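The values are calculated or read from the model by the stated rules, or taken from the named source; none is laboratory data. For clarity, every value in this text was computed on a predicted model and none was experimentally measured. Don't worry about glycine lacking a Cβ; one is built from the backbone with ideal geometry, like all the others, and counts go over all protein chains shown.
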Amino acid sequence: MRLSRFLRALPALVLGLVLLSPLPSAHAGVSGVSGVSTVSAVRVLRYDASRAAEFRTVVDQAAQVWNASVTNVRLVAGTPADFTVLADNGWPRTSRTSLGRGTIWMGREATSEGYYPLRIATHEIGHILGLPDRRTGLCSDLMSGSSAPVSCTNANPSAAERSAVNANFAGSALLGGSGALFVDRPDAASLAPAA
(Lines give C-alpha, C1' and ligand atoms only; values in the text may rest on other atoms or scores of the structure.)
Protein backbone atom coordinates (compact mmCIF):
# COMPACT_ATOMS: atom_id res chain seq x y z
CA MET A 1 0.00 0.00 0.00
CA ARG A 2 2.81 2.46 0.89
CA LEU A 3 4.66 1.63 -2.31
CA SER A 4 1.51 2.33 -4.32
CA ARG A 5 1.14 5.82 -2.74
CA PHE A 6 4.81 6.52 -3.33
CA LEU A 7 4.54 5.54 -7.00
CA ARG A 8 1.51 7.80 -7.46
CA ALA A 9 3.34 10.72 -5.82
CA LEU A 10 6.60 10.14 -7.71
CA PRO A 11 5.60 11.94 -10.96
CA ALA A 12 4.56 15.04 -8.99
CA LEU A 13 7.84 14.97 -7.07
CA VAL A 14 9.90 14.66 -10.24
CA LEU A 15 7.92 17.45 -11.93
CA GLY A 16 8.44 19.67 -8.88
CA LEU A 17 12.19 19.09 -8.93
CA VAL A 18 12.34 19.85 -12.66
CA LEU A 19 10.44 23.10 -12.16
CA LEU A 20 12.73 24.15 -9.31
CA SER A 21 15.91 23.42 -11.27
CA PRO A 22 17.53 26.45 -12.90
CA LEU A 23 17.28 26.40 -16.66
CA PRO A 24 20.31 27.25 -18.77
CA SER A 25 20.36 30.91 -19.70
CA ALA A 26 19.75 31.87 -23.30
CA HIS A 27 22.78 34.10 -22.91
CA ALA A 28 25.07 31.52 -21.34
CA GLY A 29 28.74 32.00 -22.00
CA VAL A 30 30.68 29.05 -23.35
CA SER A 31 34.41 28.77 -22.88
CA GLY A 32 36.82 25.97 -23.35
CA VAL A 33 40.13 25.04 -21.76
CA SER A 34 42.12 22.19 -23.31
CA GLY A 35 39.14 21.16 -25.39
CA VAL A 36 36.77 20.95 -22.40
CA SER A 37 33.69 23.16 -22.72
CA THR A 38 32.08 24.79 -19.73
CA VAL A 39 28.90 26.81 -19.61
CA SER A 40 28.41 29.65 -17.18
CA ALA A 41 25.05 31.32 -16.72
CA VAL A 42 24.79 35.06 -17.04
CA ARG A 43 24.37 36.78 -13.67
CA VAL A 44 21.73 39.52 -13.86
CA LEU A 45 22.27 42.52 -11.59
CA ARG A 46 19.46 45.01 -11.06
CA TYR A 47 20.29 48.64 -10.40
CA ASP A 48 18.12 51.48 -9.14
CA ALA A 49 19.04 54.89 -10.57
CA SER A 50 15.74 56.55 -9.62
CA ARG A 51 17.61 58.88 -7.22
CA ALA A 52 20.49 59.66 -9.58
CA ALA A 53 18.86 62.97 -10.61
CA GLU A 54 20.49 64.41 -13.73
CA PHE A 55 22.75 61.33 -14.00
CA ARG A 56 19.88 58.85 -14.54
CA THR A 57 20.28 58.65 -18.34
CA VAL A 58 24.07 58.46 -18.07
CA VAL A 59 23.80 55.54 -15.63
CA ASP A 60 21.53 53.70 -18.10
CA GLN A 61 24.08 54.37 -20.86
CA ALA A 62 26.92 53.10 -18.63
CA ALA A 63 24.97 49.90 -17.97
CA GLN A 64 24.64 49.41 -21.73
CA VAL A 65 28.40 49.93 -22.17
CA TRP A 66 29.03 47.11 -19.72
CA ASN A 67 26.34 44.91 -21.29
CA ALA A 68 28.03 45.31 -24.67
CA SER A 69 31.47 44.61 -23.16
CA VAL A 70 31.06 41.50 -20.97
CA THR A 71 29.30 38.15 -21.23
CA ASN A 72 28.99 36.79 -17.67
CA VAL A 73 26.95 39.61 -16.16
CA ARG A 74 24.06 41.72 -17.41
CA LEU A 75 22.86 44.99 -15.88
CA VAL A 76 19.16 45.86 -15.91
CA ALA A 77 17.24 48.69 -14.29
CA GLY A 78 14.84 47.42 -11.65
CA THR A 79 14.01 46.72 -8.05
CA PRO A 80 14.71 45.19 -5.72
CA ALA A 81 18.14 46.42 -6.70
CA ASP A 82 21.55 44.83 -6.23
CA PHE A 83 23.07 48.30 -6.33
CA THR A 84 21.73 51.83 -6.04
CA VAL A 85 22.95 54.99 -7.74
CA LEU A 86 22.51 58.35 -6.00
CA ALA A 87 23.44 61.92 -6.92
CA ASP A 88 25.15 64.28 -4.49
CA ASN A 89 27.52 67.24 -4.43
CA GLY A 90 30.64 65.32 -3.36
CA TRP A 91 33.18 63.41 -5.38
CA PRO A 92 32.06 60.22 -7.22
CA ARG A 93 32.49 57.14 -5.06
CA THR A 94 31.32 53.57 -4.65
CA SER A 95 30.71 51.47 -1.58
CA ARG A 96 30.76 47.83 -2.67
CA THR A 97 29.32 45.58 0.02
CA SER A 98 30.01 42.42 -1.98
CA LEU A 99 30.54 41.49 -5.61
CA GLY A 100 27.67 43.02 -7.58
CA ARG A 101 26.16 44.85 -4.59
CA GLY A 102 26.56 48.30 -3.13
CA THR A 103 25.93 52.02 -3.59
CA ILE A 104 27.30 54.49 -6.12
CA TRP A 105 27.29 58.25 -5.58
CA MET A 106 27.52 60.26 -8.80
CA GLY A 107 29.19 63.30 -7.23
CA ARG A 108 28.72 66.59 -9.00
CA GLU A 109 32.17 67.81 -7.96
CA ALA A 110 33.87 65.79 -10.72
CA THR A 111 31.51 66.93 -13.47
CA SER A 112 31.87 70.55 -12.33
CA GLU A 113 35.63 70.11 -12.80
CA GLY A 114 35.03 68.86 -16.34
CA TYR A 115 35.18 65.06 -16.01
CA TYR A 116 32.98 63.18 -18.49
CA PRO A 117 29.79 61.87 -16.80
CA LEU A 118 29.52 58.67 -18.87
CA ARG A 119 33.11 57.73 -18.05
CA ILE A 120 32.42 58.39 -14.36
CA ALA A 121 29.29 56.21 -14.33
CA THR A 122 30.96 53.36 -16.22
CA HIS A 123 34.00 53.58 -13.92
CA GLU A 124 31.87 53.48 -10.76
CA ILE A 125 29.87 50.49 -12.04
CA GLY A 126 33.26 48.86 -12.66
CA HIS A 127 33.82 48.97 -8.89
CA ILE A 128 30.48 47.20 -8.31
CA LEU A 129 31.65 44.58 -10.82
CA GLY A 130 34.78 43.96 -8.76
CA LEU A 131 37.39 46.22 -10.37
CA PRO A 132 39.75 48.32 -8.23
CA ASP A 133 41.12 51.75 -9.09
CA ARG A 134 44.25 51.56 -11.23
CA ARG A 135 45.74 55.01 -11.32
CA THR A 136 47.70 54.51 -14.55
CA GLY A 137 46.87 57.96 -15.91
CA LEU A 138 45.91 56.33 -19.21
CA CYS A 139 42.67 57.32 -20.90
CA SER A 140 42.49 53.80 -22.39
CA ASP A 141 42.14 52.35 -18.86
CA LEU A 142 38.60 52.96 -17.60
CA MET A 143 39.66 52.22 -14.05
CA SER A 144 42.41 54.87 -14.15
CA GLY A 145 39.59 57.22 -13.17
CA SER A 146 40.59 60.75 -12.31
CA SER A 147 44.29 60.04 -12.88
CA ALA A 148 43.51 60.30 -16.62
CA PRO A 149 43.24 63.83 -18.02
CA VAL A 150 39.95 65.73 -17.63
CA SER A 151 39.75 65.71 -21.44
CA CYS A 152 39.43 61.88 -21.46
CA THR A 153 36.02 60.74 -22.70
CA ASN A 154 36.73 57.01 -23.08
CA ALA A 155 33.90 55.21 -21.29
CA ASN A 156 34.80 51.70 -22.51
CA PRO A 157 36.60 49.12 -20.39
CA SER A 158 39.90 47.83 -21.74
CA ALA A 159 40.33 44.20 -22.80
CA ALA A 160 41.97 43.43 -19.43
CA GLU A 161 39.11 45.09 -17.53
CA ARG A 162 36.49 43.18 -19.55
CA SER A 163 38.33 39.93 -18.92
CA ALA A 164 38.57 40.62 -15.18
CA VAL A 165 34.82 41.27 -14.90
CA ASN A 166 34.01 38.10 -16.85
CA ALA A 167 36.32 36.17 -14.52
CA ASN A 168 34.71 37.80 -11.45
CA PHE A 169 31.29 36.50 -12.53
CA ALA A 170 32.35 33.04 -13.68
CA GLY A 171 31.67 29.93 -11.62
CA SER A 172 32.63 29.96 -7.96
CA ALA A 173 33.78 33.60 -8.03
CA LEU A 174 30.12 34.53 -7.58
CA LEU A 175 30.32 33.38 -3.98
CA GLY A 176 33.19 35.72 -3.09
CA GLY A 177 33.70 39.44 -3.00
CA SER A 178 34.26 41.59 0.02
CA GLY A 179 33.20 45.10 0.87
CA ALA A 180 35.25 48.10 -0.20
CA LEU A 181 34.98 51.88 -0.47
CA PHE A 182 36.33 53.58 -3.60
CA VAL A 183 36.66 57.39 -3.61
CA ASP A 184 37.71 58.58 -7.03
CA ARG A 185 39.11 62.00 -6.11
CA PRO A 186 42.44 62.89 -7.70
CA ASP A 187 44.02 63.06 -4.23
CA ALA A 188 42.29 59.89 -2.94
CA ALA A 189 45.57 57.98 -2.78
CA SER A 190 46.88 60.47 -0.23
CA LEU A 191 43.67 60.08 1.82
CA ALA A 192 44.01 56.30 2.21
CA PRO A 193 44.76 55.11 5.74
CA ALA A 194 48.30 53.87 6.32
CA ALA A 195 48.68 50.09 6.28
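CYS139 falls short on exactly one of the conditions (1) modelled with pLDDT of 95 or more; (2) more than 12 Å from the chain's Cα centre (by Cα); (3) buried (at least 17 other Cβ atoms within 10 Å of the Cβ), and that condition is (3). Screening HIS127 with (1) surrounded by fewer than 22 Cβ atoms within 10 Å (Cβ to Cβ); (2) out of contact with any Gly (no Cβ under 6 Å at 6 or more places or on another chain); (3) more than 20 Å from GLU54 (Cβ to Cβ) gives one miss only, at (1).
Could you tell me whether the range 86-97 includes any residue that is aliphatic (A, V, I, L, M) and outside any helix (DSSP H, G or I)? So far as the range 86-97 goes, yes, one or more of its residues are aliphatic (A, V, I, L, M) and outside any helix (DSSP H, G or I). When the range 65-97 is filtered for residues that are over 21 Å from ASN156 (Cβ atoms) and touching a Ser or Thr at 6+ places or on another chain (Cβ under 7 Å), the ones remaining, listed by number, are THR84, LEU86, SER95.
Name the one entry in ALA173, ALA188, ALA195, ALA110 that is closer than 27 Å to ARG51 by Cα and modelled with pLDDT under 90. Answer to the selection: ALA188. Among the criteria (1) of a type outside the set (D, E, K, R); (2) closer than 20 Å to ALA41 by Cβ; (3) not in a strand (DSSP E or B), the one VAL76 does not fulfil is (3).
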